[in-house]
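Engineer: Before we start, here is the structure in question, set down as structure tokens.
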Amino acid sequence: MYYYRVYGLQVRMEFEAPWLTPGGDGSDLLVRAGDTPAGIDGKIKETRWFQAAESELLLFDDDGGRFWVRPGVIVVTPGGDLNSWSVFAHILGSCMGAVLQWRNQLVLHASAVRAADGGAIIFCGHKTAGKSTMAGFFHHYGRALLNDDVCPLALCSDGVYLSPGFPRIKLDPSVLLAMEKSPDDFQRLPFKTRIKHAYPAIHGFSTKTALLRGIFLLEEEEQTSIVRIDQKSAVPELFQQCFRKAFFVTLEQKQQALAMCAALAERTPVYRLRRPKKLSQALNVVRLVTESIESVEEASLS
């Protein structure tokens, strides 16, 4: 049995996950290979890719594999190699995302890095908005990676805390070249429509939770600008960034997520970051985001 810490969970696995940080007692979640059902009883929602009940999920992948998810256990029936990237992507993405939602976490589809004070900066946006690219450049310029794709947030009395994932970022070859790295040196991931490589953002990575300092919603524009979004307007935009909203199968789950988004907008500054996708502008964007976070911190101290 292998023991890991990821997303604030203590996980035990029957097979090795080399990307994850070892540690913990495995008390939160078991991940094992085994038989999975063809369907689940009491399903509320069904698509080609999944069946879902209030706290149970059955996922299907392109290779014929199945992932049976319940609050304390994930069972994998692989369609191919158990140690393939596709299997780990499902476990660390959709499967654990559902588990975290059931544990009353607000899970955003986003990437995150550590701020200079150890807090967290989150980048949200649509599928090709550049979330991973932003995290990659921040890491390149000295900031530690926290998460790529799955960002679980705990709303506590003293602030909002982000639990880190694992030290890998999915990056486009052009981004790696702009970072003066050769794409050939990094594993190419088996996406069908995009070329992405797994970049090991190990420097500075820690599983220590981080107090959330700011959220940036990414948009493409010719000129770079950062504008703070008012609390009321931020709520529906944050809800759109929730990870796997399709897994909210009851009205209560949707209402809870919306209420958590409202609480998040009340406690954390949310910005709209418009910037060109020209990689030559990356350092300027990093500087502007850093200045925005620092100005809020200074205002709170004055």
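Taken together, the values in this text are just the output of simple stated rules run on the coordinates, not laboratory data. Since the model is a prediction, treat every value here as computed from it, not as a measurement. Neighbour counts run over all protein chains shown; Cβ positions are idealised from the backbone, glycine included.
Engineer: What trypsin sites (Lys or Arg not before Pro) in the range 94-153 are in a loop by DSSP, with at most 10 other Cβ atoms within 10 Å of the Cβ?
Structural biologist: 127
Engineer: Normalised by the number of residues in the range 106-301, what is the relative contact order in percent for Cα pairs under 8 Å and 6+ residues apart? Kindly include the intermediate steps, with their values, before the conclusion.
Structural biologist: Details: 377 pairs, mean separation 48.4, N = 196.
It comes to 25 percent, rounded to a whole number.
Engineer: Related question: Work out which chymotrypsin sites (Phe, Trp or Tyr not before Pro) in the chain are exposed loop sites (DSSP not H, G, I, E or B, at most 16 other Cβ within 10 Å) and give the longest gap free of them. Don't skip to the answer; put the middle values down first.
Structural biologist: Details: sites that count: 15, 19, 49, 141, 191.
No qualifying site falls inside 192-302, the longest such stretch.
Engineer: Further question: Whose amide H sits under 5 Å from the amide H of residue 107, counting only residues 5 or more places off or on another chain, with H placed in the peptide plane?
Structural biologist: Residues meeting the amide H criterion: 153, 243.
Engineer: Separate question: Normalised by the number of residues in the range 1-124, what is the relative contact order in percent for Cα pairs under 8 Å and 6+ residues apart?
Structural biologist: Details: 214 pairs, mean separation 18.4, N = 124.
Normalised by residue count, the contact order of the range 1-124 is 15 percent.
Engineer: Where a Cα-Cα gap under 20 Å defines reach, which lysines qualify for residue 277, not counting those fewer than 8 residues away within the same chain?
Structural biologist: Reachable lysines: 127, 131, 170, 181, 196.
Engineer: Which residues make up the longest stretch of the chain clear of GluC sites (Glu not before Pro) that lie in a DSSP loop with no more than 16 other Cβ atoms within 10 Å, not counting the sites? Working shown, then result.
Structural biologist: On the way: sites that count: 14, 16, 54, 180, 221, 222.
Result for the longest clean stretch: 55-179.
Engineer: Which residues' amide hydrogens lie under 5 Å from the amide hydrogen of residue 150, considering only partners 5 or more residues apart or on another chain, with H built in the peptide plane?
Structural biologist: 110
Engineer: For residue 80, list long-range residues whose amide hydrogen, built 1.01 Å from N in the peptide plane, is under 5 Å from its own amide hydrogen.
Structural biologist: Those lying under 5 Å, H to H, from residue 80: there are none.
Engineer: In terms of the Cα gyration tensor, with a ≥ b ≥ c the square roots of its eigenvalues, is the range 2-102 rounded because a/c is under 1.5, prolate because a/b exceeds b/c, or oblate?
Structural biologist: Numbers: a/c = 2.06, a/b = 1.37, b/c = 1.51.
The shape class here is oblate.
Engineer: Which percent, to the nearest 5, of DSSP beta bridges fully inside the chain are antiparallel?
Structural biologist: Details: 51 of 69 bridges.
Bridges in the chain are about 75 percent antiparallel.
Engineer: Once a ≥ b ≥ c are taken as the square roots of the eigenvalues of the Cα gyration tensor of the range 106-301, is the result rounded (a/c under 1.5), prolate (a/b larger than b/c) or oblate (a/b not larger than b/c)?
Structural biologist: Working: a/c = 1.57, a/b = 1.32, b/c = 1.19.
Taking the square roots of the gyration eigenvalues as a ≥ b ≥ c, the range 106-301 is prolate.
Engineer: Shape call for the range 121-231 from the C-alpha gyration tensor, a ≥ b ≥ c root eigenvalues: rounded (a/c under 1.5), prolate (a/b greater than b/c) or oblate? Display every interim value, and only then the final one.
Structural biologist: Numbers: a/c = 1.95, a/b = 1.35, b/c = 1.44.
Cα axes put the range 121-231 in the oblate bin.
Engineer: Something else about it: Exactly which trypsin sites (Lys or Arg not before Pro) in the range 6-77 are in a DSSP loop and have at most 11 other Cβ atoms within 10 Å? Spell out each step's value before the answer.
Structural biologist: On the way: sites: 12, 32, 43, 45, 48, 66; in loops: 43, 48.
Counting only loop positions with at most 11 other Cβ atoms within 10 Å, the trypsin sites (Lys or Arg not before Pro) in the range 6-77 are 48.
Engineer: So between residue 185 and residue 221, what do we pick up on full extension, going 0.36 nm a residue minus the alpha carbon distance? Write out the running numbers ahead of the final one.
Structural biologist: Numbers: separation 36, 0.36 × 36 = 12.96 nm, distance 3.18 nm.
Residue separation times 0.36 nm, minus the Cα-Cα distance, leaves 9.8 nm.
Engineer: For the range 159-225, which trypsin sites (Lys or Arg not before Pro) are both in a DSSP coil and crowded by at most 14 other Cβ atoms within 10 Å? Could you put the intermediate results ahead of the total?
Structural biologist: Values: sites: 168, 170, 181, 188, 192, 194, 196, 208, 213; in loops: 168, 181, 192, 194, 208.
In loop regions of the range 159-225 (DSSP not H, G, I, E or B), the sparsely surrounded trypsin sites (Lys or Arg not before Pro) are 192, 194, 208.
Engineer: Using the Karplus equation 6.51 cos²θ - 1.76 cosθ + 1.60 (θ = phi - 60°), what ³J(HN,Hα) coupling, rounded to whole Hz, does each residue of the range 147-154 give in order, writing x for Gly and Pro?
Structural biologist: For the range 147-154, the Karplus curve yields 8, 9, 4, 10, 10, x, 10, 10 Hz.
Engineer: Moving to a separate point now. Please give the FRET efficiency for residue 246 paired with residue 294, using the beta carbon to beta carbon distance and R0 = 35 Å, rounded to the nearest 0.05.
Structural biologist: Details: r = 37 Å, r/R0 = 1.07.
Computed FRET efficiency for residue 246 and residue 294: 0.40.
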